[in-house]
Amino acid sequence: MAAQKPVKPTSVALYNQIEKLKFLGSVLYIAAHPDDENTRLISYLSNDVKARTGYLSLTRGDGGQNLIGPQLRELLGVIRTQELIEARKIDGGEQFFSRANDFGFSKNPEETLTIWNEKEVLADVVWTIRKFQPDVIINRFDHRTGGTTHGHHTSSAILSTQSFDLTNNPNIFPEQLKYVKPWQTKRQFFNTSWWFYGSQEKFDAADKATLSTLKTGTYYKNLGKSNQEIAALSRSSHQSQGFGSTGSRGVDTEYLELVNGTPLQNKDNLFEGIDTSWNRVKNGKKIGDLVTKILKDYDFQNPSASVKDLVAAYNLIQELDETHWKTIKSNELQQIIAGCTGLYLEAAAETQEAFPASVFKLKLEAINRSDVKMSLQSITTQPENKNLQLNTSLAFNQDQTIPAQIVLPATIQYTQPYWLKEPATVGMYNVSDQNNRGIPDIIREASVIFNVVIEGTLIPFEQKVVYKYNDDVRGELFNYLDIVPEVTSSIINKVALFTANESKTIAIKVKAAKDNINGTVALDLPKEWKVTPAKQSFLLEKKGMDKTITFSVTAPAKPSEVLAKSIVTIGDKQFTKDQIIIDYKHIAKQQVLKDAVAKFIQVDLKITNKKIAYIMGAGDQVPESLIQMGYPVTILDPTEISTNKLKDFDVVITGIRAYNTVPLLENKQQILLDFVKNGKTMVVQYNTPSGDIPSDLAPYPLHISRDRVTDENAAITFLAPNHAVLNYPNKITKNDFEGWTQEQGLYYPDSYDSHFTPILSSADKGESPKDGALLVAPYGKGFYVYTGLSFFRELPVGVSGAYRLLSNIISLQNQDTDIKTNVEK
């Protein structure tokens, strides 16, 4: 994948890195989510000011929606984590996170900080500041405006502001001081903009005399890009959120309001009064002087001419007593020296997966593409920490390939996002190891350290083990090595619906990570659920092979919701993990290991005999849930929508945000409305209010707002208790709204024509009732339904009431003779 490809810097990029080597100052930007960060400001601080610039996102964005696939919750958080990592590669920043779990939209910081563990998230903010040691902190949001924006947003600013006077106090979170030192940031700002004033006009008219202004419209001649163009590329990394951005050019200004710390006399210089030269480090002046010389003498046609001085600077840094800047600048210099010499080092495994207590082969590559004298003294393989002496000369442009192997210990951890390894709460991930907190990416233990002697100095270069292969279309591709269980299994349907005493065939896929796997697989369920047979044997002869094994499962007579668990036994070992692969072109391939479980529900669910056409929007798993319910479902390509194509269907359902993400739908709208008029049913799931919503979204006037009910447990009032949608074929009660997850619904219409009947009403605490969750309107001979209820969240996790209500919506056109239950089918 492109995300894992090795960096091969140009001479211009190397010069920019040397310029940054000269600047010893740091800025930490703090907000709540991936995509909250101001990439224009991060790029400017990193590329123009040359500051070390970090972004602390308190969450990984787990609670958002996904425009590129069906992954939600923690799997979406994995995607958005990688998108932030890719964004920082573009704008030059570094990425950090807290343990806060993005539980979904929150209307005020009081709610947010109750669901999060406020003390622990504050501890993570303090930890990041002590570790990063920023001279300046910039908050994306205003800590004084609770309730006017997402509660997570305001909370990020509140916690950041609180931390300012805590990070230098050794009595605050003293357990951290085994690893870091107290730190006092010089000043803290709020990055205000027109958005916080309500409009550009109001912002233009506001008095900005007290604000600091940064002219961020820099054109980088040596890169051929404006700062805004770099920022747009960075922002466009957020593909799952649909934040593709067009670059701009010209004058651009960012405004900062001082929140804490020393006021500025020169409001354009955030680092006023802070020594950002090498003089801030004891015995650092001669290093700074040498870097100045390197920049002056730099030859863009021959960067290797600077290597002798660069190595001298590296040696001087090793002599420093100070540890913080010593570590940072040593790492920067290693990369610069490698780039200036064209030194390419690679550790490629023969396979993409390995398992604990195994041995895998490596092909090591080392090449020096300069006339600088160097040799590969040795390699050290990790995690076994085994050293192999080589003493191989790396002559100009002579590619060296070296066979090696790594013996993995039996105790090595499986590769997966470390924050998902321990049980989490709704509001917090659990990371026991203090040193791991805040690390953005998966922690990969398999690596090779190339110990290279350059100009007489030993410099270690660590390379993570990769798997390299060629794609006939895309060429050379890379994935990281993953440590996997010897065998994984997956219950294919993550939710299975049953009626009383119903039997179903349940399929489990078993996959091998090594040759000649044989064992048994069983489906673990409470005793009132009957499983036949109790276990089954299998043999998988080759690594990577999989086999699907089926069991007959019979539900009990009484309603029941249980977790079924797949257990694979090989010898005296049990394996209970399901391997989930997330593989998109714009991010590094990810492995997530979850318990191999599924939810089995014995539910009183009646359905009617309806054929459904589903038009996908931003991506959801509702079609799979409809199939589980017993409906025949066809995914309808928007280009295929025609009167003739629709005639065989009874119901059309549009996926979430379909009108936001499928422009073609606007041109097909009259066909869809005619479908309803002629006696069929159309169900439109939520869309966000924006200019891409067609004016004839519904047959009657309907205005989509940002109203939502975030409390999934908010009390429901039935506004039309006798309406068919609450009574047929399932009698809906308030019990059907128990067990909902994350939120009841979002983007409800706040005004609508009298033809619509509002069915439900509910409200978050302290707010007026919202009546737009479910609107039903007769149109011609059919029914048009608009709903903001979060079926896309509830169905995949098996909320039985959501299935029952959706069945009733689908059944609005039915006759009594059409009623069928799953048992009858």
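Being hydroxyl-bearing (Ser, Thr, Tyr) and under 26 Å from the mean Cα position of the chain (by Cα) is the filter here, so list the residues in the stretch 684-704 that pass it.
Residues satisfying the conditions are Tyr686, Thr688, Ser690.
Kindly list the number of the only condition in (1) within 24 Å of Ala777 (Cα to Cα); (2) crowded, with 21+ Cβ neighbours inside 10 Å; (3) more than 33 Å from the chain's Cα centre (by Cα); (4) not hydrophobic (A, V, I, L, M, F, W, C) that fails for Asp648.
(2)
Say we look at the stretch 1-35 and pick out the residues that are among the charged types (D, E, K, R) and modelled with pLDDT under 95; which of these is surrounded by the most Cβ atoms within 10 Å (Cβ to Cβ)?
If we take residues in the stretch 1-35 being among the charged types (D, E, K, R) and modelled with pLDDT under 95, then Asp35 is surrounded by the most Cβ atoms within 10 Å (Cβ to Cβ).
Select from the stretch 462-490 the residues that are at pLDDT 95 or above and surrounded by fewer than 17 Cβ atoms within 10 Å (Cβ to Cβ) and write down the one among them that is nearest to the chain's Cα centre (by Cα).
This residue is Lys464.
Report the residue count in the stretch 658-670 for those that are in contact with a Ser or Thr (Cβ under 9 Å, 6 or more places away or on another chain) and under 12 Å from Thr639 (Cβ atoms).
So the answer is 4.
On the basis of being crowded, with 20+ Cβ neighbours inside 10 Å and either within 18 Å of the chain's Cα centre (by Cα) or in the same structural domain as Ser236 (by TED's automatic domain parsing) (or both), does Lys589 make the cut? Can you show your working first?
Details: crowded, with 20+ Cβ neighbours inside 10 Å: yes; either within 18 Å of the chain's Cα centre (by Cα) or in the same structural domain as Ser236 (by TED's automatic domain parsing) (or both): yes.
Yes; evaluated as a whole, the condition is true for this residue.
Is it the case, given these coordinates, that Ser193 is closer than 14 Å to Arg40 by Cα, surrounded by fewer than 19 Cβ atoms within 10 Å (Cβ to Cβ) and of a type in the set (Gly, Ala, Ser)?
Numbers: closer than 14 Å to Arg40 by Cα: yes; surrounded by fewer than 19 Cβ atoms within 10 Å (Cβ to Cβ): yes; of a type in the set (Gly, Ala, Ser): yes.
For Ser193, the condition - closer than 14 Å to Arg40 by Cα, surrounded by fewer than 19 Cβ atoms within 10 Å (Cβ to Cβ) and of a type in the set (Gly, Ala, Ser) - is met.
Of all residues being in contact (Cβ under 8 Å) with a residue 24 or more places away in the chain and closer than 24 Å to Asn227 by Cβ in the stretch 260-276, which is surrounded by the most Cβ atoms within 10 Å (Cβ to Cβ)? Just the residue, please.
Leu270
Which one is farthest from Arg73 (Cα to Cα), of the residues in the stretch 217-240 that are buried (at least 21 other Cβ atoms within 10 Å of the Cβ) and of a type in the set (S, T, N, Q)?
Among them, the one singled out is Ser226.
Taking the condition of being part of a helix (DSSP H, G or I), aromatic (Phe, Trp, Tyr) and under 14 Å from Leu159 (Cα atoms), how many residues in the stretch 88-133 meet it? Break it down into steps so the answer makes sense when it comes.
Within the stretch 88-133, the subset part of a helix (DSSP H, G or I) is 88-91, 109-115, 118-132.
Restricting the remaining residues to those that are aromatic (Phe, Trp, Tyr) gives 127, 132.
Subsequent filtering for residues that are under 14 Å from Leu159 (Cα atoms) retains 127.
Looking only at that region, the number is 1.
Of all residues in the stretch 154-188, count the ones that are out of contact with any helix residue (DSSP H, G or I) (no Cβ under 7 Å at 6 or more places or on another chain), among the hydrophobic types (A, V, I, L, M, F, W, C) and surrounded by fewer than 23 Cβ atoms within 10 Å (Cβ to Cβ).
2
Checking Ile508 against (1) within 32 Å of the chain's Cα centre (by Cα); (2) over 29 Å from Gly739 (Cβ atoms); (3) of a type in the set (A, V, I, L, M); (4) surrounded by 19 or more Cβ atoms within 10 Å (Cβ to Cβ), which test does it fail?
Of everything listed in (1) within 32 Å of the chain's Cα centre (by Cα); (2) over 29 Å from Gly739 (Cβ atoms); (3) of a type in the set (A, V, I, L, M); (4) surrounded by 19 or more Cβ atoms within 10 Å (Cβ to Cβ), Ile508 misses just condition (2).
Each row is one residue, and each column tells you yes or no for (1) over 30 Å from Asn16 (Cα atoms); (2) within 30 Å of the chain's Cα centre (by Cα); (3) assigned by TED's automatic domain parsing to the domain that holds Arg144.
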position: Gln184; (1), (2), (3): no, no, yes
position: Trp195; (1), (2), (3): yes, yes, yes
position: Asp204; (1), (2), (3): yes, no, yes
position: Asp207; (1), (2), (3): yes, no, yes
position: Ile230; (1), (2), (3): no, yes, yes
position: Gly242; (1), (2), (3): yes, yes, yes
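I need the full set of residues from the stretch 592-620 which are within 30 Å of Tyr414 (Cα to Cα) and either out of contact with any Phe, Trp or Tyr (no Cβ under 7 Å at 6 or more places or on another chain) or surrounded by fewer than 20 Cβ atoms within 10 Å (Cβ to Cβ) (or both), in order please. Give the steps one after another, and end with the answer.
Initially, the stretch 592-620 is screened for residues within 30 Å of Tyr414 (Cα to Cα), giving 592-600, 619-620.
Val592, Lys594, Asp595, Ala596, Val597, Ala598, Lys599, Gly619, listed by residue number.
If I filter the stretch 414-430 for residues that are among the β-branched types (Val, Ile, Thr), within 34 Å of the chain's Cα centre (by Cα) and buried (at least 18 other Cβ atoms within 10 Å of the Cβ), do I get at least one hit? Explain how you work it out, then say what you get.
Let us first name the residues in the stretch 414-430 that are among the β-branched types (Val, Ile, Thr), namely 415, 425-426.
From the residues that got through so far, the ones that are within 34 Å of the chain's Cα centre (by Cα) too are 415, 425-426.
If we keep only those that are buried (at least 18 other Cβ atoms within 10 Å of the Cβ) as well, we get 415.
Yes, that holds for at least one residue.
For every residue, the table says whether it meets (1) touching a residue at least 40 places away in the same chain (Cβ under 8 Å); (2) closer than 21 Å to Leu75 by Cα; (3) in a loop (DSSP other than H, G, I, E, B).
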{"residue": "Leu563", "(1), (2), (3)": "no, yes, no"}
{"residue": "Ser566", "(1), (2), (3)": "yes, yes, no"}
{"residue": "Gln574", "(1), (2), (3)": "no, no, no"}
{"residue": "Asp578", "(1), (2), (3)": "yes, yes, no"}
{"residue": "Lys585", "(1), (2), (3)": "yes, yes, yes"}
{"residue": "Ala588", "(1), (2), (3)": "yes, yes, yes"}
{"residue": "Lys599", "(1), (2), (3)": "yes, yes, no"}
{"residue": "Asp604", "(1), (2), (3)": "yes, no, yes"}
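From the list Ile85, Ile158, which residue is part of a helix (DSSP H, G or I), in the same structural domain as Trp194 (by TED's automatic domain parsing) and in contact with an Asp or Glu (Cβ under 8 Å, 6 or more places away or on another chain)?
Among Ile85, Ile158, only Ile85 is part of a helix (DSSP H, G or I), in the same structural domain as Trp194 (by TED's automatic domain parsing) and in contact with an Asp or Glu (Cβ under 8 Å, 6 or more places away or on another chain).
Could you please find all residues in the stretch 39-64 being assigned to a loop (DSSP other than H, G, I, E, B), touching a Gly at 6+ places or on another chain (Cβ under 6 Å) and aliphatic (A, V, I, L, M)?
Ala51 - this is the single residue of the stretch 39-64 that is assigned to a loop (DSSP other than H, G, I, E, B), touching a Gly at 6+ places or on another chain (Cβ under 6 Å) and aliphatic (A, V, I, L, M).
For every residue, the table says whether it meets (1) out of contact with any Ser or Thr (no Cβ under 7 Å at 6 or more places or on another chain); (2) under 28 Å from Tyr747 (Cα atoms); (3) outside the structural domain of Phe132 (by TED's automatic domain parsing).
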site	(1), (2), (3)
Pro70	yes, yes, no
Ile79	no, yes, no
Ile90	no, no, no
Pro109	no, yes, no
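Quickly run through the stretch 9-32 and pick out the residues that are under 17 Å from Glu332 (Cβ atoms), part of a loop (DSSP other than H, G, I, E, B) and either among the aromatic types (Phe, Trp, Tyr) or touching a His at 6+ places or on another chain (Cβ under 8 Å) (or both).
Result: Phe23, single match.
So, in the stretch 290-341, how many residues would count as being polar (S, T, N, Q) and within 20 Å of Leu394 (Cα to Cα)?
The total comes to 6.
The values are calculated or read from the model by the stated rules, or taken from the named source; none is laboratory data. Computed from a prediction, not measured in an experiment: that's the story for all the values here. Every residue, glycine among them, receives a Cβ derived from its backbone with ideal geometry; neighbour counts consider all protein chains shown.
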